[in-house]
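Visitor: Take this structure, written in structure tokens, and hold onto it; I'll ask about it next.
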Amino acid sequence: MGLKSDRWIREQALRGMISPFVDHQVREGVISYGLSSYGYDIRVADEYRIFTNLNSVVVDPKAIRPESMVEFKGEVCIIPPNSFALARSMEYFRIPENVTGLCVGKSTYARCGIVVNITPLEAGWEGHLTIEISNTTPLPAKIYSGEGIAQILFFEGDEPCEVSYAKRKGKYQKQLGITLPRI
């Protein structure tokens, strides 16, 4: 399994792996996004669910309570100190059955104490990525909608996996929007 180049990513995007696809790196005046040397920098959409301690509920991955989140839509999202938000990628992914994608946060945000977490893009998975954005600082943090938030690195196997995410009917298959935990 090897890390894939910009040429390979461009070819896969033309086959529908990433949509919408930006075939170059956009950098001027924004946190960069689009095709890079060995990956693809995704953008964060303008929809957020910001976690709040206003109602003192416990965050339970088996039963997320709506009152623990505030929904927000806008060009800039402010995440409170020592809190986090869920968002989604602007891009929709269709991962081939012989490919896995790994995601890492962008250094621009990391240098400000903002941590981005996205689980792997498994072989055969399809959908918008749900993005967890943690503000580890004691100050409010600003997130820019429509700009880069993380980079996906793609790895191609020699053959399709035996049981892909699609074949095992994964619970997050074809997710749209921000998807909360499912059991």
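Visitor: Can you figure out the FRET efficiency of residue 132 with residue 3, using R₀ = 25 Å and their beta-carbon distance, to the nearest 0.05?
Guide: Numbers: r = 24 Å, r/R0 = 0.96.
With R0 = 25 Å, the Cβ-Cβ based efficiency is 0.55.
Visitor: Select from 82, 135, 53 the residue whose mean-square fluctuation is largest in a Gaussian network model of the chain (Cα-Cα springs shorter than 10 Å).
Guide: Among 82, 135, 53, the largest mean-square fluctuation in the Gaussian network model of the chain belongs to 53.
Visitor: Continuing with the same structure: Provide, as a two-decimal number, the C-alpha radius of gyration of region 1-100 over 2.2 N^0.38 Å, N being how many residues it has. Spell out each step's value before the answer.
Guide: Details: Rg = 17.4 Å, N = 100, 2.2 N^0.38 = 12.7 Å.
Normalised by 2.2 N^0.38 Å, the Cα Rg of region 1-100 equals 1.37.
Visitor: Give the lysines whose C-alpha is closer than 27 Å to that of residue 73, dropping any in the same chain fewer than 8 places away, or say none.
Guide: Here the lysines satisfying the reach criterion relative to residue 73 are 62, 106, 142, 171, 174.
Visitor: Let me ask another. From the residues 110, 123, 87, which one has its Cα farthest along the dipole of region 81-128 in the positive direction, the dipole being from +1 and -1 charges on Cβ of Lys/Arg and Asp/Glu about the Cα centre?
Guide: 110
Visitor: Return the single residue from 62, 73, 142 with maximal mean-square fluctuation; model: Gaussian network over the chain, springs between Cα atoms under 10 Å.
Guide: 62
Visitor: Cα extents of region 143-183 along the three principal axes, largest first, in whole Å?
Guide: 39, 29, 13
Visitor: Once you have the Cα-Cα distance between residue 98 and residue 73, take 0.36 nm times their residue separation minus that, and quote the gain in nm to one decimal. Before the final figure, lay out each step's value.
Guide: Working: separation 25, 0.36 × 25 = 9.00 nm, distance 3.55 nm.
Additional length available on full extension: 5.4 nm.
Visitor: Ok, one more. Kindly state, as a whole number, the per residue volume in cubic angstrom of the convex hull around the alpha carbon atoms of region 46-101. The partial results should precede the final answer.
Guide: Values: hull volume 7.4 nm³, N = 56.
Cα convex hull per residue, to the nearest whole number: 132 Å³.
Visitor: Shifting gears a bit: Among 140, 120, 66, determine the one that fluctuates most according to a GNM of the chain built with springs between C-alpha atoms less than 10 Å apart.
Guide: 66
Visitor: A further question on this structure: Quick check: from the Cα gyration tensor, does region 3-46 come out rounded (a/c under 1.5), prolate or oblate? Each step should come with its number before you reach the end.
Guide: On the way: a/c = 2.28, a/b = 1.46, b/c = 1.57.
Oblate, since a/c reaches 1.5 and b/c is not below a/b.
Visitor: Show that you can apply the helix-only estimate: for the chain, add -39,500 (n - 2.57) for every DSSP H stretch of four or more residues, divide by all residues, and state [θ] at 222 nm to the nearest 500.
Guide: Numbers: 2 runs with 13 residues, N = 183.
Result for the chain: -1500 deg cm²/dmol, rounded to the nearest 500.
Visitor: Charges only on Cβ, +1 for Lys and Arg, -1 for Asp and Glu: so what's the dipole of the chain about the Cα centre, in debye to the nearest 20? Mind dumping the intermediate values first?
Guide: Working: 21 positive and 21 negative charges, 71 e Å.
Using Cβ point charges on Lys, Arg, Asp and Glu, the chain gives about 340 debye.
Visitor: Okay, next question. Once you have the Cα-Cα distance between residue 83 and residue 10, take 0.36 nm times their residue separation minus that, and quote the gain in nm to one decimal. Mind dumping the intermediate values first?
Guide: Values: separation 73, 0.36 × 73 = 26.28 nm, distance 3.60 nm.
Here the answer is 22.7 nm.
Visitor: Separate question: What nm distance separates the two modelled labels at residue 19 and residue 52, each placed 7 Å from Cα along Cα→Cβ?
Guide: If labels sit at residue 19 and residue 52, their model points lie 3.6 nm apart.
Visitor: Evaluate 2.2 N^0.38 Å with N set to the residue count of the chain, then give the Cα radius of gyration divided by it. Don't skip to the answer; put the middle values down first.
Guide: Details: Rg = 16.6 Å, N = 183, 2.2 N^0.38 = 15.9 Å.
Ratio of Cα Rg to 2.2 N^0.38 Å: 1.04.
Visitor: Distance in nm between label sites at residue 161 and residue 27, each 7 Å beyond Cα in the beta-carbon direction?
Guide: 3.4
Visitor: Then there's this: By how many nm would the segment from residue 65 to residue 111 lengthen if fully extended, with 0.36 nm per residue of separation less the alpha-carbon distance? Don't skip to the answer; put the middle values down first.
Guide: On the way: separation 46, 0.36 × 46 = 16.56 nm, distance 3.16 nm.
Here the segment from residue 65 to residue 111 would lengthen by 13.4 nm.
A short reminder: the numbers here are calculations on the coordinates, not readings from a lab. From a predicted model like this one, the values you see are computed outputs, not experimental measurements. With ideal geometry, Cβ positions are generated from the backbone for all residues, glycine too; neighbour counts draw on all protein chains shown.
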